[in-house]
Each structure stands twice: as structure tokens, then as C-alpha cells.
Amino acid sequence: GDSVTQMEGPVTLSEEAFLTINCTYTATGYPSLFWYVQYPGEGLQLLLKATKADDKGSNKGFEATYRKETTSFHLEKGSVQVSDSAVYFCALRNSGYALNFGKGTSLLVTP
Amino acid sequence: GAGVSQTPSNKVTEKGKYVELRCDPISGHTALYWYRQSLGQGPEFLIYFQGTGAADDSGLPNDRFFAVRPEGSVSTLKIQRTERGDSAVYLCASSSTGKDTEAFFGQGTRLTVV
């Protein structure tokens with residue numbers, strides 16, 4: 001069945017460092033791919049998405065490119081801020097409407 | 001309301017009891033989803049409603065779990081004969097119609113079975 005694997009955390013970075021959170025997926029067909037973020041004390045929020053191969057999703061300085069050849073959707077940001085500290089979830093949606101999530105990666109950014 | 005509202009935010013119940021968890025979706029959203037998130041895991045799909053009907057309930061773990069959405073708005077997730085393994089955060093999300101429309105999540109109900 002479909003599945004999402006993302007790098008385990010926690011990830012700790014200094015402010016202004018470069019961020020990469022790896023995400024790979026297994027799915028038949030052509031799923032849509034998503035990154036969700038959960039800030040402390042808040043609900044899950046959509047960060048960005050890509051619906052077809054080679055699409056790049058971007059939001060709030062974060063980017064991820066849908067790579068079908070490597071079945072990946074890695075999340076990147078050039079310069080993280082303390083306010084980016086959160087848990088990040090990679091997810092896919094295939095033929096149905098349900099989202100299939102990875103386990104999440106906790107990010108802590110220190111001043 | 002402004003977002004998806006879930007009540008209660010926390011629920012502690014004894015093993016074997018019955019519980020109901022409520023979700024108020026964003027007004028006008030026809031699609032509603034329930035997910036379960038165990039500690040250290042990502043959310044796991046339970047059930048999807050389109051309007052009043054359950055379009056996909058393949059994620060419900062067993063027949064102790066049931067959900068309804070009688071008027072196509074508020075939904076209730078019902079768990080009978082609760083077990084300690086049911087302890088988790090139960091998340092509700094809603095969206096407008098369409099496969100790639102954004103799903104908006106509530107803050108969840110933390111269920112603890114003791």
C-alpha cells in the first residue's frame with residue numbers, strides 16, 4: 001500500500017541555518033504530495049503542496065519539488081527562524097480523499 | 001466559526017466505557033475527515049464523509065468505532081467499550097469539494113483511557 005517515510009528527528013538548527021527534511025514515498029499512480037506543519041499548541045496546517053511531477057510547492061520561504069524519478073518531496077528552507085520550530089509532516093493523497101502521513105519530524109531552531 | 005472546532009479538547013475515560021467526540025467543521029465544507037494520531041506517529045485516516053454519508057470508512061479499526069454526520073455538518077465519532085489502546089489524539093478536518101482542496105484541521109481531542 002501507499003506509504004510515506006520521512007527523516008527522524010528531532011532536528012536542531014541555529015537560526016539562519018539551511019534546512020532539509022527528507023521525505024520519500026511509495027505509491028501506485030500519481031499521488032499529490034503535501035507538507036503540513038504543526039506549531040506548538042496549534043492544529044495541523046497545510047504548508048505547501050504539489051500535484052504532479054516536477055511541480056514545486058512553496059510557502060513562507062519553504063520549498064519542495066515533486067521528484068517522481070526518486071519518489072521524493074524533500075522540504076527545504078534557506079534560512080530558518082526560531083518561529084519555524086514545529087513538527088513537520090509529509091503526506092500523500094492518491095486515488096481517494098484520505099491523506100497518508102509520515103511520522104513527522106520535529107524541528108527546533110535556537111537563537 | 002472561523003475554523004474546525006473539536007470538543008472536548010481532553011477526555012479521560014475508564015476502560016470499557018463509551019465516548020463521543022464532536023467535530024464542528026468550517027461552515028459550508030461538504031467533506032469531513034477523522035484521523036487518529038498516536039504518540040510519535042503521524043495522523044492515521046479513519047473515515048471520510050461527503051455530505052451526510054460515509055464515503056470511505058476503511059480506516060476504522062474495528063466495529064467499536066462508528067461515526068455519524070446526520071445533517072451534513074457536525075460529526076460525532078463514537079467509541080464503544082473503550083480500550084487502553086484507543087488512547088490517542090483524534091483529529092477532525094474539513095474541506096470544500098474537490099480532491100486537491102485544502103483540508104483544515106481542528107486541534108484535536110486527546111482521549112486517555114485508564
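See the values below:
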item	result
Net dipole in debye of chain B [+1 Lys, Arg Cβ; -1 Asp, Glu Cβ; about Cα centre; nearest 20]	400
log10 of Debye I(q)/I(0), alpha-carbon scatterers only, for the protein assembly as shown at 0.10, 0.17, 0.18 Å⁻¹	-0.45, -1.22, -1.33
Relative compactness, chain A, computed as alpha-carbon Rg over 2.2 N^0.38 Å	1.01
Residues whose placed amide H lies under 5 Å from that of B:Leu46, excluding near-sequence neighbours	B:Trp34, B:Tyr35, B:Arg36
Contact order normalised by residue count of chain B, Cα under 8 Å, 6+ apart, percent	36
Charge dipole of the protein assembly as shown about the Cα centre (unit charges at C-beta), most positive-ward option of B:Leu32, A:Gly102, A:Gly29	B:Leu32
Of A:Ser83, B:Leu46, B:Thr82, farthest towards positive along the dipole that unit charges on Lys, Arg, Asp, Glu beta carbons give the protein assembly as shown	B:Thr82
Charge context of B:Gly53, other residues only, Cβ under 15 angstrom, K/R +1, D/E -1	-2
Exceeding the 26 Å Cα-Cα cut-off - candidates A:Lys52/A:Lys103; A:Lys56/A:Lys103; A:Lys49/A:Lys103; A:Lys103/B:Lys17; A:Lys52/B:Lys78	A:Lys103/B:Lys17; A:Lys52/B:Lys78
Relative contact order (percent, whole number), chain A, Cα cutoff 8 Å, 6+ residue spacing	37
About the Cα centre, charge dipole magnitude for the protein assembly as shown (Lys/Arg +1, Asp/Glu -1 at Cβ), debye	480
Part-to-part distance (alpha-carbon centres) for segment A:4-45 and segment B:28-51, which is given in Å	19
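We did not get these values from a lab; they are worked out from the coordinates using the rules stated. Predicted model only: the values in this text are computed from it and were never measured. Reconstructed Cβ throughout: ideal geometry from the backbone, glycine too, with neighbour counts over all protein chains shown.
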